[in-house]
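Working notes for the structure below.
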Amino acid sequence: MSTSTYPIAARRTQPGGIEPPPVHVAVIMDGNGRWAAARHLPRIAGHREGARAVRRTIEAAIRQGVEWLTIYAFSSENWRRPADEVLDLTGLLRQYLRTEIAELKASGVRLRFIGDRCRFDNGIQSDLRDAERHTTHNSRLNLTIALSYGARAEIVEAARAAAAAIRDGLLDPAKFDEQVFAGFLATAEMPDPDLIIRTSGERRLSNFLLWQAAYAELVFLDVLWPDFKAEHFAAALTEFARRERRFGARPG
Ligand code: FPP
């Protein structure tokens with residue numbers, strides 16, 4: 001028997017869900033600091049409430065039949081924040097990994113992490129490996145958490161690996177195309193995002209999935225991340241369903 005409190009949903013959208021749901025939704029979770037400031041609370045209170053919103057979003061994605069969910073939890077630029085906030089954020093991550101993994105596993109969620117994990121301490125790196133290993137056979141929802149992630153660094157790293165493969169005679173430059181290059185990215189085994197949601201009213205990608213976002217629909221919501229609920233997720237999916245995606249072609 002499952003001990004999970006995440007919704008037990010088949011791949012189909014549940015009644016009232018958006019049809020067809022996007023396969024891959026990516027989220028830039030923004031506004032934790034402003035949420036805390038508005039309440040005269042320390043920033044960590046906003047991040048803690050943000051972690052609760054992550055849980056609601058995972059539940060909403062499962063209910064809506066979304067197969068891939070990618071969340072931007074810590075950018076490579078976030079290391080430049082004051083040391084105490086970095087410590088709070090990494091502490092919250094450690095706590096999240098230790099408390100949520102069992103339930104995510106029981107709920108059929110497969111975890112992946114993208115980004116420069118070497119910058120985290122050995123304990124967190126080991127937790128990240130364990131989380132991936134323990135959920136590797138799950139397939140209800142593919143949850144990718146971007147940590148110490150920056151898209152430009154990811155692209156440079158992929159270019160470096162491709163150049164080395166060409167140098168070593170493992171790759172024919174004549175056969176080097178977009179698809180081959182994408183295979184060197186951290187997201188090699190993932191589909192590109194169909195929909196990218198950013199909260200807090202800011203309208204930019206902030207170095208998130210720049211290559212993969214080429215044809216993504218972008219939805220910007222005014223809600224601050226800690227206030228993000230299933231209804232906001234549904235609203236973004238409704239907006240996605242309304243848009244006509246042509247991938248550069250002319251309408252038929
Ligand atoms: C942006 O808000 C959010 C972050 C930098 C961190 C995101 C972290 C979480 C949602 C919680 C932890 C998540 C996991 C998976 C454990 P901001 O601080 O930039 O807000 P501001 O723009 O209002 O200052």
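The numbers here are math on the coordinates, done by the rules we state, and not lab data. Predicted, not measured: the structure shown is a model, and the values here were computed from it. Cβ sites come from the backbone with ideal geometry, for glycine too, and all protein chains shown count toward neighbours.
What the table shows:
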item	result
Cα-Cα P(r), the chain, percent of pairs per 10 Å interval	7, 29, 36, 21, 6, 1
Amide H within-cut-off set for Leu224, under 5 Å, with H built and near neighbours excluded	Ser200
Burial order of peptide ranges 110-118, 60-68, 189-197, 128-136 (average beta-carbon count within 10 Å, highest first)	60-68, 189-197, 110-118, 128-136
Span from the segment 93-114 Cα centroid across to the segment 126-141 one, whole angstrom	7
Phi-based couplings in Hz for segment 33-43 (Karplus 6.51, -1.76, 1.60; Gly and Pro marked x)	x, 5, 4, 5, 4, 4, 10, 6, 10, x, 4
Quotient of Cα Rg and 2.2 N^0.38 Å for segment 19-134, N being how many residues it contains	1.11
Estimated distance in nm for a label pair at Phe176 and Arg152, the labels positioned 7 Å out from Cα along Cα-to-Cβ	2.1
Compactness of segment 132-199 - radius of gyration and Dmax, Cα, Å	14.8, 45
Förster-model FRET efficiency, 35 Å R0, Val23 and Val86, C-beta, rounded to 0.05	0.55
Projected area, mean over directions - segment 83-186, Cα convex hull, nm²	8.3
Relative packing of peptides 159-165, 140-146, 71-77 - highest average C-beta neighbours within 10 Å first	140-146, 71-77, 159-165
Total charge dipole magnitude, the chain, about the Cα centre, Cβ charges on Lys, Arg, Asp, Glu only, Debye to nearest 20	320
Inter-probe distance in nm under a simple model that places probes 7 Å from Cα toward Cβ, at Trp211 and Asp121	3.3
Radius of gyration and Dmax over the Cα atoms of segment 192-252, both given in Å	12.6, 41
